[in-house]
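Some notes on the structure that comes next.
The values are calculated or read from the model by the stated rules, or taken from the named source; none is laboratory data. Because the structure is a prediction, the values reported are computed rather than measured. Virtual Cβ from ideal backbone geometry, glycine too; neighbours counted across all protein chains shown.
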Amino acid sequence: MTTASPIEEAAPIEVELDSRQRLPMARVLRGSQHRFRVVPLPGGDYLVSPVVSVSERELAVLRSPQTLASLQQGLDQAARGDVVRYGPGHFTKLAGDLGPDDEEDG
């Protein structure tokens, strides 16, 4: 018994570039895929694979247990409603009071 590959099982769907040369993928996609790796193959075909990307800033948070714990603590506080509301301009004034290398005493 031979097992068909997922490519052989999938029904081909023809899509056409729109007026701005974009390929409408909504007819093809399943789920919440938004980012893809596209590999041009010999013979003019393309291999399109969904990917998940993480920015350098997000990666820095994920690599730092202290930063991740602090972030989680803030999310937990917000979920409990344990927040302080500041008026418009509060952080602009605060940033103006501190120099670029100064830290607020807390």
I'm told VAL28 meets every condition in (1) modelled with pLDDT under 85; (2) part of a helix (DSSP H, G or I); (3) surrounded by 10 or more Cβ atoms within 10 Å (Cβ to Cβ) except one. Can you identify the failing condition by its number? (2)
Looking across the range 74-90 at residues that are farther than 23 Å from VAL61 by Cα and either surrounded by 10 or more Cβ atoms within 10 Å (Cβ to Cβ) or of a type in the set (Phe, Trp, Tyr) (or both), the single one that is modelled with the highest pLDDT is TYR86
Do we find a residue being among the charged types (D, E, K, R), assigned to a helix (DSSP H, G or I) and within 30 Å of PRO24 (Cβ to Cβ) anywhere in the range 51-69? yes
Of VAL52, VAL61, which residue is exposed (fewer than 10 other Cβ atoms within 10 Å of the Cβ) and of a type in the set (Val, Ile, Thr)? VAL52
